[in-house]
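The values are calculated or read from the model by the stated rules, or taken from the named source; none is laboratory data. Owing to the predicted nature of the structure, the values given are computational and were not obtained by experimental measurement. Neighbour counts run over all protein chains shown; Cβ positions are idealised from the backbone, glycine included. Keep in mind that these areas ignore ligands, DNA and RNA; they rest on the heavy atoms of the full protein, side chains included. Shrake-Rupley method; radii C 1.70, N 1.55, O 1.52, S 1.80 Å.
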Amino acid sequence: MFTQAELFGFIGILQITTEFLVMKCGCTNSRYGDTSGKLKIYFDGRIEINCTCDENCSKVNVSPIEFARHALRTNSDKYWKSQIWVFGRDGSKVQLVKTCLLKFFKDTYQRPIRQAAHRDEFVRCSLCRKERRFTNRTRDDSRNYHRALASDNWKCSDMPNQELSCDDAEERESRKAVRGCPKNPKCTGCTKCVCNGCDMCRFDDCDCQECTSFILNM
Ligand SMILES: [Zn+2]
Ligand SMILES: [Zn+2]
Ligand SMILES: [Zn+2]
Ligand SMILES: [Zn+2]
Ligand SMILES: [Zn+2]
C-alpha cells in the first residue's frame, strides 16, 4: 500500500480501506473543460473511475480509458495516464503518470483494432500550385496533414520533416495514383484506406468541424 509520505503529496483523498483508495480526479479537454471523477485504486492492481460530471452520469466503475474518452479526449487507450490527473498538495493538477499512484496497476487492457490504414493524401501549394504528398502512417503524420489541409496558404516550404521548395518537381500522375491502399496500390479510395474519423486522425485540441463533431459523437 501507500506510505504516509506518498499520500501526503495529494489532496482530495476521500476514502482509504485495506483494499482500495478513493480520491478525486479529473480529465481536461482544452476546448470543453474539466470532467471530474472519483478514482478508485485497488491494491490488487485494478483502477476504476466513477464520473461525477453530473449526479446522473452513467459512467460508474468504468476503466480510466473510458473515463478519458467520456471527458472528450482522443487516443486515450495510449495516453490516459497523462490525460487523467489528481490534485497535488498545492491544489495543482498532477498527471497520473507522474505520481506513485500507478505502482499497483496492471495493464491488462487490449488495444482496440484501429482503422487498417490511412492512405497518402495530397495538399496543393498556395504559391506554385503543385500537389505534395503527405504520408499518414502515424498520429503525428496525420496531424501534419490535417494542419496543412486546414491552412489557406500552405506552401511547399512548410512541409514538415523534409526540405521541399516550390522548385522541386511535382510527382507524375502515374506515381500520384499510388496512395498506399493495403488492398490495391492504385485504389482510388475504399473502406480499407479511407478513414471517416478515428482516434488517429481527429484531435481533441482542434477546433475544426470534423474534429469537433468526432469528439462530440464519441
Ligand atoms: Zn460523466
Ligand atoms: Zn510550392
Ligand atoms: Zn483502398
Ligand atoms: Zn482515421
Ligand atoms: Zn481538426
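Structure summary
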read-out: Rough spin-label spacing in nm, given labels placed 7 Å along Cα→Cβ, for residue 55 and residue 93; value: 2.5
read-out: Positive-pole candidate from 15, 201, 96, dipole of the chain, charges at beta carbon; value: 201
read-out: Proximal charge balance of residue 218 [Cβ under 14 Å; K/R count +1, D/E count -1]; value: 0
read-out: Selection from 174, 56, 85 lying farthest towards where the dipole of the chain points positive, charges on Cβ; value: 174
read-out: The stretch 121-207 shape via C-alpha gyration tensor axes, a/c threshold 1.5; value: oblate
read-out: Solvent-accessible area, 1.4 Å probe, carbon plus sulfur percent, for the chain; value: 47
read-out: Net length gained if the chain between residue 106 and residue 3 were fully extended (0.36 nm per residue, minus Cα distance); value: 35.1 nm
read-out: Pair-distance profile P(r), taking every C-alpha pair of the chain, with 10 angstrom steps and integer %; value: 7, 27, 26, 18, 13, 7, 1
read-out: Lys pairs under 21 Å by Cα in the stretch 71-177, provided they are eight or more residues apart or on distinct chains; value: 13
read-out: Relative contact order of the chain, defined on C-alpha pairs under 8 angstrom at six or more residues apart (%); value: 16
read-out: Where trypsin sites (Lys or Arg not before Pro) in DSSP loops with at most 14 other Cβ within 10 Å are excluded, longest remaining stretch of the chain; value: 32-88
read-out: Label point distance in nm, residue 149-residue 127, each placed 7 Å from Cα along Cα→Cβ; value: 2.4
read-out: Relative contact order of the stretch 121-207, defined on C-alpha pairs under 8 angstrom at six or more residues apart (%); value: 24
read-out: Per residue accessible area of the chain, 1.4 Å probe, in Å²; value: 58
